[in-house]
1. What FRET efficiency do you get for Asn177 and Leu230 if R0 is 41 Å and r is their Cβ-Cβ distance, rounded to the nearest 0.05?
2. Once neighbouring chains are kept in place and the probe is 1.4 Å, which whole percent of the accessible area of the chain is contributed by carbon and sulfur?
3. Can you tell me how much longer the chain between Val47 and Cys209 gets when fully stretched, taken as 0.36 nm per residue apart minus their C-alpha distance, in nm with one decimal?
4. Can you list residues whose amide H is under 5 Å from Tyr428's amide H, if they're 5+ apart or on another chain and H is modeled 1.01 Å from N?
5. Net charge near Leu421: determine it from the other residues with C-beta under 15 Å of the C-beta of Leu421, scoring Lys and Arg +1 and Asp and Glu -1.
6. Got the relative contact order for the chain handy, in percent, Cα pairs under 8 Å and 6 or more residues apart?
7. Just to verify a number: FRET efficiency for Leu354 and Gln279, C-beta to C-beta distance, R0 = 41 Å, to 0.05?
8. Given a 1.4 angstrom probe, what's the average accessible area per residue across the chain, in square angstrom?
Amino acid sequence: MTISVFGLGYVGAVTSGCLSQIGHQIIGVDVHEPKVRAFNEGRSPIVEPELDEMLQSACREGRLRATTDAAEAVAASSISIICVGTPSLPSGSLDLGYVTHVTQQIAAALRQQGKKHIVIFRSTMLPGSTRKMVSEQFADLLQNGSLQVFYCPEFLREGTAVADFREPSLAVVGTENGNPPASADVMSLFGGTPAVLRWEGAEMIKYSCNYFHALKVGFANEIGRLAKHLNEDALRVMDVVCQDTRLNISRYYMRPGTPFGGSCLPKDVSALRSFARQQGVNLPLLENTQATNDAHQQQFVQLIEKSGKRRIGFIGLAFKADTDDLRGSPLVAAAETLIGRGHAVSIYDPQINLSRLIGSNEQQIQARMPHLAQLLKQDAKEVIEASEVLVVSQKCVPVDVFQACVRADQIIIDVNGWAPLKSLPCRYEGLCW
């Protein structure tokens, strides 16, 4: 295929070089003459391992050229990839000026040429930006079927970008409606096995990844500051932490849903935060970990209360499935709050047997919910039938039981993402989706 790449900076240069290496004809487009000249001479405008050799080879074999003429590039290509920068404004918000300008150029060229074309946004843009660009610049072209638009974020690290392109750690294709593209060309263009989402979902993934990376750097540095204060080797500490690939480096805790709870996380977050304060070590990320969990708990309760219903049933009360541990359970906290505000609460959790609770687990529930025995039901059907809102946090009731018992006037609030609940004949709402 012949592909025009708009923006010959970091992402555009690497994308051009890697696509040319696998046989595509590349036309680079940039407003800066020095970049265009460098491309036409087979020189990389940036320093990146392997890139110079790739561009030289592509230029020598006639698979790479560059121009400042956007219309010429669009006319000669079947796909345009937008890789221009999206810098920060002084206010901290995103400047989409370059993307808008290039989009306008492509739209004008396509209207004049009357050809079918594919546009792929690769520039980092906030959720909603692609849809806004399409609405403002491409709406008629999309409607008449002459244009397809995709958002494909890049996950290239400086210094290893060529290797990252060849073996992507993540591949994402954003489409208008979240359905896979009709053509396999887009799906295979950037390698990997792409996940397909709506434009907004693909845009959100890029920011989620970058925010998480920033969070990890901040976390490691805060652990480092505290470790140094204790004359401990933080590099060694974090190296050992990263040896656990079952929990620490995994998807285990990376699922939106219940606020964290239990006997360990709340206690340990609080203890280390207090210790850091006593030591006079400033750790803002650690300081606010509990605050963000508290905000999530409040949002959880608000979601239940905004229904305006008074009879609330809980399916699952322990802080996680397959345990009877009620210590620090977000479900206990939610039930406690709702009872205090005058709601009628009933609970089904097959793992909880009050006669078997011992130690601090028993002490905490006696202090917080001494009337739990009156709220616990032995039959899930009793809770389902008595409730106007069902808060489902565990898969402890077969779906066919819900199917047989729920009513159209009921609301199910899904706390942890149990997909079959969406198909039940009642109103469904997810905690984070």
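The values are calculated or read from the model by the stated rules, or taken from the named source; none is laboratory data. Just so we're clear, the structure is a prediction, and the values are computed from it rather than from any experiment. Please note: Cβ atoms are built from the backbone with ideal geometry, for glycine as well, and neighbour counts cover all protein chains shown. SASA here: full protein model, heavy atoms, side chains in, ligands and nucleic acids out. Shrake-Rupley method; radii C 1.70, N 1.55, O 1.52, S 1.80 Å.
1. In this case the efficiency is close to 0.15.
2. Accessible surface attributable to carbon and sulfur in the chain totals 52 percent.
3. 55.9 nm
4. HN-HN under 5 Å from Tyr428: Ile412.
5. +1
6. Relative contact order here is 9 percent.
7. For Leu354 and Gln279, the calculated efficiency is 0.50.
8. 50 Å²
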